[in-house]
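*Asks:* Take this structure first; my questions come after.
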There are 4 protein chains.
Amino acid sequence: MPKTIKKVGVLTSGGDSPGMNAAIRSVVRTCAYHNIECIGIYRGYQGMIEGDFKEMGPRSVNNIVNKGGTILKSARSVEFRTPEGRKKAHDNLVKAGVDALVVIGGDGSFTGGLIFNSEFDFPVMGIPGTIDNDIYGTSFTLGYDTALNTVVDCIDKIRDTASSHNRLFFVEVMGRDAGHIALNAGIGAGAEEILIPEEDLGLDRLLDSLQKSKASGKSSSIVVIAEGDKIGKNVFELKDYVEANLPEYDVRVSVLGHMQRGGSPSCFDRVLASRLGVKAVESLIEGKSNYMVGLREDKVILTPLEQAIKGKSEIDRELLRVSDIMST
Amino acid sequence: MPKTIKKVGVLTSGGDSPGMNAAIRSVVRTCAYHNIECIGIYRGYQGMIEGDFKEMGPRSVNNIVNKGGTILKSARSVEFRTPEGRKKAHDNLVKAGVDALVVIGGDGSFTGGLIFNSEFDFPVMGIPGTIDNDIYGTSFTLGYDTALNTVVDCIDKIRDTASSHNRLFFVEVMGRDAGHIALNAGIGAGAEEILIPEEDLGLDRLLDSLQKSKASGKSSSIVVIAEGDKIGKNVFELKDYVEANLPEYDVRVSVLGHMQRGGSPSCFDRVLASRLGVKAVESLIEGKSNYMVGLREDKVILTPLEQAIKGKSEIDRELLRVSDIMST
Amino acid sequence: MPKTIKKVGVLTSGGDSPGMNAAIRSVVRTCAYHNIECIGIYRGYQGMIEGDFKEMGPRSVNNIVNKGGTILKSARSVEFRTPEGRKKAHDNLVKAGVDALVVIGGDGSFTGGLIFNSEFDFPVMGIPGTIDNDIYGTSFTLGYDTALNTVVDCIDKIRDTASSHNRLFFVEVMGRDAGHIALNAGIGAGAEEILIPEEDLGLDRLLDSLQKSKASGKSSSIVVIAEGDKIGKNVFELKDYVEANLPEYDVRVSVLGHMQRGGSPSCFDRVLASRLGVKAVESLIEGKSNYMVGLREDKVILTPLEQAIKGKSEIDRELLRVSDIMST
Amino acid sequence: MPKTIKKVGVLTSGGDSPGMNAAIRSVVRTCAYHNIECIGIYRGYQGMIEGDFKEMGPRSVNNIVNKGGTILKSARSVEFRTPEGRKKAHDNLVKAGVDALVVIGGDGSFTGGLIFNSEFDFPVMGIPGTIDNDIYGTSFTLGYDTALNTVVDCIDKIRDTASSHNRLFFVEVMGRDAGHIALNAGIGAGAEEILIPEEDLGLDRLLDSLQKSKASGKSSSIVVIAEGDKIGKNVFELKDYVEANLPEYDVRVSVLGHMQRGGSPSCFDRVLASRLGVKAVESLIEGKSNYMVGLREDKVILTPLEQAIKGKSEIDRELLRVSDIMST
């Protein structure tokens, strides 16, 4: 029989993403709904080590469902990678009466949680929060949908000036290891070409595609490039390469950067956060541990944290074909 | 062996929704990609009757992926409900060399397509375009995600003034027969209560909930109400009723109205439109007819038009519970 | 020689508007900059009567420059209209050591401030905060620019669906006594006709204009109507009247409502709020009282509160002509 | 007596900006209103040389008031800098029956217009279109207000992630020679420090200010930097310098780039465009030439093109002080 959960701790860790606040709110209110206490842990695992805690009731999370960022803040913790650090953290949780943990973050944060669980047999539940959508076990991570809208909104603006001047733009978006943002926002923004880490398009194909695009009567073009594309050049080198090989093109570069991590979450991300928060807390109450909650095939499901960490969130290769057809 | 498709006609019908243009673009470009001709039919079935056609190549749909509304326009057609009207329409298609049809719209539009097919054995494929998300066979209709963001954005603004004045707002959103918008946008906007056509909450429960909300220390409240809620009062009558029974509340009403149908589509709707357009045209090429393309369980699938029309797109009742917990 | 100001009280009163928080922040930080204490007074004059005060330092107003609404809340106060109410309020201020007041609000709020000053010789400075732009002595009130953008954004969405269906929309915007919002947002949104309180266009002219618009080949039309238009019919009666007289038109109505008061302030409103807050506090320090700060002819200026209350903020009649030309 | 204007040509030139389309629409419709013909000239002066013209009636500019970019496109023209090029351009105008020109653009475009006028005694009127607000004779150039909102919206998003991680961000905005965007958007976004071309803050002062900001309890900071700031380091060098000198800071850089030029214009820019277009055409009708229309001290005025080119649009130095106070 699982031990009864009386007090849940919640933290956000790793890069922040829109919807984290909505998830915190959901965790806090689900606890209140089930008459469980809840504390917020500031600055991720580092705050756990420092005992930087705050009691949270349903009114502590008023008016945050629509706020970007995380009211609990996030930080990297070198100390949590040491057994001593984790020991301190555990002592603090025990002292505060916390008997289960909800970790909102990505792969690295889940790994920390899993180690913590293995050392202290402490119940841990993960909620996938990252704009990159690179976590196995969920079709959507918190913040991903919002980031897509942010990117598409920026490229729509860039398109205005690109088509006024018949220019080619290279737009770099986030995604060091995963092309989800580039691929989906690229299709959404009507990009002529999309470069992602999962697929080596090749420089020849890029040049070829740009030439065809010009020949087909397009006056302006957008190429969306993930940070970690396979083509082996950074976006500025790519500009030089294309201008050297296709002198008819006047290339401009735009690196969207950190704004992709912020902003008021989309409705989709807010609802997702609300659902995942409920599931995380209720799973802990049912005695479960070491799972990540996620949304897959339209259902809220659990995936063992270990799988979530080891698995790879593949891009949908059919989308590469859709992108290809759309740039006809 | 299916007859070879050489020319596809595409139309939008019924209430317009964001993403219809992206779907038109996808149909047109998929045709071009497969070396099939494409014509746009203006004003839905009425334009089919009047022969209001336009040849469309890949450049005809430049810069519309991000535009609300439909460049092909939409209209109701009384005449298409008569055999004579449909005969005229068919004659026009034959004259123009069109041998398959993509209908972007809702239930009513699909019914028209199905009858047309049964009379003339004319290949028809449907793409679900409506903000209401009330079509069986797809988890998301085109425009639904955008409408949710529009509603949530409006309610965020209303929340600003509601909490400055400690007021209660009743916000009416679209949904005569379906509560999808109210339920999801209500959760996304942090509504204290949500009234939908699928569920009779009852007036007592509403009063009770509002009283609890006040008692719990909330200074302002939002109630989201679908047009067709079950409670049997319109939103202004409801205001009077609540003010009569809970004099401590200062109630304001906001009816969001037609702006919910417009606006630049979200990235989700643009990608969805692109995928569904490809699938619709390629299914026609494969000789299929009388299906609706949709997205379910993360996959693009086909549903027989007849099922799509007769089936009901149920709300996810788990969301009612999530809403309940979130308003703790 | 003016008495030295040591502690300023700031309140928001009347209808809230975007930019009020930015103005509060500016007042608080300008006080800190000049080593003056500052307290926030909750819920306008009512909080003054109830002694609902809070010490505010520069960090109390972190991250509010971009928030709609007012963190100090707003309320009507019947009690403040009585000498007893005002006496209590004054006692509270004296007890708290407050020796000057910044009132952010509209006409009514300024009138309260003026009476308060006349009774207790208490220094008062006004900052015009209302979306209606109906205050004499400033070309822009706080929140007006944001409201214009909100309205135009809504009408852009309505235009999408209007032109998809070749419909006529009547859009009611705020402005019971002033047509600033209707006139400017109407021009901004490309409205075919604009009805405002300052000008009786007449029903015949409206019908005439709509007929011309149809004849000129426009497929859809938007008429923007201020709440308090002179035409003497509400927006729904107007719809009936037009449909009775111009049966070729299919009219829809949209009442934008309270969302116009909310939302993140525009850059213009944030900068204006910052400038006006500095001027208000520094004018108090210089010993001035009974003025409203405002922006006129590109300069921050002072207007005696009495004038600000009695004067009328006229619409720019040239804009009526511009609107006329634009709807050619 | 001035010669009667029968046909006006309109072009956009230089960097595009939001509101250019609204200005084109205004010029076209004002011509129609006064029964004057109008032609659109594509790609600025280059299109004038190539005779790339299009007749424009009031319906040619439907639904563009809210579109970013310019439907007439823009381009640089080396050829127009030669007498031969200008001769060709003049021949084309004469052949097309055009007898007056409206140039929407910046300094360089006005210089071209002035030379053209001096050589052919051809009536020219300028409308200031650039996001930089760096033109003498108007308090607001077309697109400036929109760009401010775009920048502030981006920095709000960056602020979300900055405060989640307690980071310092350097945000580079447009403005090679003018600090208007940096200064106003910086105040609007609540930047802790603002670096502009007009003022050499000095590196010591920057370090000092950042240290004070940290000491005052701010957890995150934003520094807004105009492209052409006086400090003599680019934004990445500045990051290195600050990290070397203030190791407690974790600095991130964001270069907003070309998206600042795009997007749907704000209501302010749309109304401004409408007013300036009317004034430009009606001034030509009155026989005026070689003026720029602008908005100053709340009035639409004319400034001789020569002055507009030679004069400098100074920043409001009071805003530097406001920025200073706001970052208390």
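*Asks:* Could you pull out the pairs from B:230/C:239; A:299/B:73; A:239/D:233; C:239/D:299; A:95/D:157 whose alpha carbons sit more than 25 Å apart here?
*Replies:* Working: B:230/C:239 28 Å; A:299/B:73 36 Å; A:239/D:233 23 Å; C:239/D:299 36 Å; A:95/D:157 37 Å.
Violating the 25 Å limit, Cα to Cα: B:230/C:239; A:299/B:73; C:239/D:299; A:95/D:157.
*Asks:* What are the distances, in nm and sorted shortest first, from the label point of residue D:202 to the label points of the same position in each other copy, with each label point placed 7 Å from Cα along the Cα-to-Cβ direction?
*Replies:* 6.0, 6.9, 7.5
*Asks:* If one takes the longest principal axis of the Cα atoms in chain A, at what angle in degrees, from 0 to 90 and to the nearest 10, does the Cα axis of helix A:317-326 lie?
*Replies:* Helix A:317-326 sits roughly 40 degrees off the main axis of chain A.
*Asks:* So, one more: In percent, how large is the relative contact order of the stretch C:144-261, given Cα pairs closer than 8 Å and 6 or more residues apart? Display every interim value, and only then the final one.
*Replies:* Numbers: 204 pairs, mean separation 43.6, N = 118.
Relative contact order for the stretch C:144-261 comes out at 37 percent.
*Asks:* Quick one: which residues, 5 or more positions from residue D:68 or on another chain, have an amide H under 5 Å from its amide H? H modelled 1.01 Å from N in the peptide plane, none for Pro or chain starts.
*Replies:* Sorted by chain and number, the residues that satisfy this are D:263, D:264.
*Asks:* Would you mind checking the tilt of helix A:144-165 against the longest principal axis of the Cα atoms of chain A, expressed as 0 to 90 degrees and rounded to 10?
*Replies:* It is inclined by approximately 20 degrees.
*Asks:* Run the simple label-point estimate for residue C:7 and residue B:306 please: 7 Å along Cα→C-beta, distance reported in nm.
*Replies:* The answer from the label model is 8.1 nm.
*Asks:* Another question, if that's okay. How many angstrom lie between the Cα centre of the stretch B:20-36 and the Cα centre of the stretch A:294-328?
*Replies:* Their Cα centres are 25 Å away from one another.
*Asks:* Once you have a ≥ b ≥ c as the square roots of the Cα gyration tensor eigenvalues for the stretch C:144-261, tell me rounded if a/c is under 1.5, and otherwise prolate or oblate according to whether a/b is larger than b/c. Intermediate results must be reported in sequence, preceding the final value.
*Replies:* Values: a/c = 1.76, a/b = 1.25, b/c = 1.41.
Note, shape of the stretch C:144-261 comes out oblate.
*Asks:* Let me ask another. Under 1.5 on a/c is rounded, so check that first for the stretch B:193-328, then, if it is not, pick prolate when a/b is larger than b/c and oblate when it is not; a ≥ b ≥ c are the square roots of the alpha carbon gyration tensor eigenvalues. Could the numbers behind the result be given before it?
*Replies:* Numbers: a/c = 2.72, a/b = 2.56, b/c = 1.06.
Here the stretch B:193-328 falls in the prolate category.
*Asks:* Report the trypsin sites (Lys or Arg not before Pro) located in the stretch B:5-50 that are in a DSSP loop and have at most 16 other Cβ atoms inside 10 Å of their Cβ, or state none. Before the final figure, lay out each step's value.
*Replies:* Details: sites: B:6, B:7, B:25, B:29, B:43; in loops: B:6, B:43.
Those that pass, being in a loop and sparsely packed, are B:6.
*Asks:* Fewest Cβ neighbours within 10 Å first, please rank C:235, A:224 accordingly.
*Replies:* Details: C:235 19, A:224 33.
Final ranking by Cβ density, sparse to dense: C:235, A:224.
*Asks:* Still on this structure: Please compute the contact order of chain D in relative form: average sequence separation of alpha-carbon pairs under 8 Å and at least six residues apart, divided by the residue count, as a percent.
*Replies:* Details: 737 pairs, mean separation 78.3, N = 328.
In percent, rounded to a whole number, it is 24.
*Asks:* Still on this structure, I have one more. Add +1 for every Lys or Arg and -1 for every Asp or Glu among the other residues with Cβ under 14 Å from the Cβ of residue B:32, and state the total. Can you show the working numbers first?
*Replies:* Values: positive: A:212, A:218, B:6, B:7, B:25, B:29, B:59; negative: A:324, B:37, B:55, B:282.
With Lys, Arg at +1 and Asp, Glu at -1, the neighbours total +3.
*Asks:* Inter-copy label distances at residue C:236, 7 Å along the Cα→beta-carbon direction, one decimal in nm, shortest first?
*Replies:* 0.3, 6.2, 6.2
*Asks:* Looking only at Cβ-Cβ distances, which cysteines of the protein assembly as shown have no other cysteine closer than 4.7 Å?
*Replies:* By the Cβ distance rule, which asks for a partner under 4.7 Å, the isolated cysteines are A:154, A:267, B:154, B:267, C:154, C:267, D:154, D:267.
*Asks:* Counting only Cβ atoms, what residue of chain C lies nearest to the axis that sends chain C onto chain B, and how many whole Å off?
*Replies:* Residue nearest the C-to-B axis, with distance in whole Å: C:255, 3.
*Asks:* Apply the Karplus curve 6.51 cos²θ - 1.76 cosθ + 1.60, θ = phi - 60°, to the phi angles in the stretch A:242-255 and return the couplings in whole Hz, x for Gly and Pro.
*Replies:* 5, 5, 5, 8, 10, x, 6, 9, 9, 9, 10, 10, 9, 9
*Asks:* In degrees, nearest 10, range 0 to 90: what is the angle between the Cα axis of helix D:267-285 and the longest Cα principal axis of chain D?
*Replies:* 30
*Asks:* Kindly identify the protein assembly as shown as rounded, prolate or oblate by the Cα gyration tensor criterion: order the square roots of the eigenvalues as a ≥ b ≥ c, call it rounded if a/c is under 1.5, otherwise compare a/b with b/c, prolate if a/b is larger, else oblate.
*Replies:* Details: a/c = 1.30, a/b = 1.06, b/c = 1.23.
Rounded.
*Asks:* Could you please state, rounded to a whole Å, how far the C-alpha centre of the stretch D:132-153 is from the C-alpha centre of the stretch B:202-240?
*Replies:* A separation of 45 Å, based on Cα centres.
*Asks:* Over chain C, what per residue volume does the convex hull of the Cα atoms give, in whole Å³? Kindly include the intermediate steps, with their values, before the conclusion.
*Replies:* Numbers: hull volume 40.2 nm³, N = 328.
For chain C, the hull spanned by Cα atoms encloses 123 Å³ per residue.
*Asks:* Starting from the 7 Å offset along Cα-to-Cβ, what nm value, one decimal, do you get for the label separation of residue A:50 and residue B:81?
*Replies:* Result for the modelled spin labels: 7.0 nm.
*Asks:* Name the residue farthest towards the positive end of the dipole of chain D from the options D:242, D:61, D:45, assuming +1 on Cβ of Lys and Arg, -1 on Cβ of Asp and Glu, about the Cα centre.
*Replies:* Of the options given, the answer is D:61.
*Asks:* Rounded to whole Å, give me the distance from the Cα center of the stretch A:249-286 to that of the stretch D:112-128.
*Replies:* Taking the Cα centre of each part, the stretch A:249-286 and the stretch D:112-128 sit 52 Å apart.
*Asks:* For Cα pairs less than 8 Å apart in space and 6+ apart in sequence, what is the mean separation divided by the residue count of the stretch C:1-122, i.e. the relative contact order in percent?
*Replies:* Relative contact order comes out at 36 percent.
*Asks:* Right, something else. Placing +1 at every Lys and Arg Cβ and -1 at every Asp and Glu Cβ, with all other atoms neutral, what dipole size does the stretch C:144-261 have around its Cα centre, in debye to the nearest 20?
*Replies:* Numbers: 13 positive and 20 negative charges, 58 e Å.
I would put it at about 280 debye.
*Asks:* Here's a follow-up. Quick one: Karplus J couplings for the stretch D:194-207, per residue in order, coefficients 6.51, -1.76, 1.60, θ = phi - 60°, nearest Hz, x for Gly and Pro?
*Replies:* Whole-Hz 3J(HN,Hα) from phi for the stretch D:194-207: 9, 10, 10, x, 7, 8, 8, 5, x, 5, 4, 4, 4, 4.
*Asks:* On to the next question. Using a label point 7 Å beyond Cα on the Cα-Cβ vector, give me the inter-copy distances for residue B:177 in nanometres, one decimal, shortest first.
*Replies:* In nanometres, ordered from closest: 4.8, 4.9, 6.4.
*Asks:* On to the next question. If r is the Cβ-Cβ distance from residue C:250 to residue C:203 and R0 is 25 Å, what FRET efficiency results, to the nearest 0.05?
*Replies:* Working: r = 19 Å, r/R0 = 0.76.
For residue C:250 and residue C:203, the calculated efficiency is 0.85.
*Asks:* Two-decimal Rg/Rh of the stretch D:122-196 from alpha-carbon positions, Kirkwood Rh? Spell out each step's value before the answer.
*Replies:* On the way: Rg = 14.9 Å, Rh = 13.5 Å.
My calculation of the ratio gives 1.10.
All of the numbers you see were taken from the coordinates with simple rules; none came from a lab. Note that the coordinates shown come from a computational prediction; the quantities given were computed from them, not determined experimentally. We place every Cβ from the backbone using ideal geometry, glycine too, and count neighbours over all the protein chains shown.
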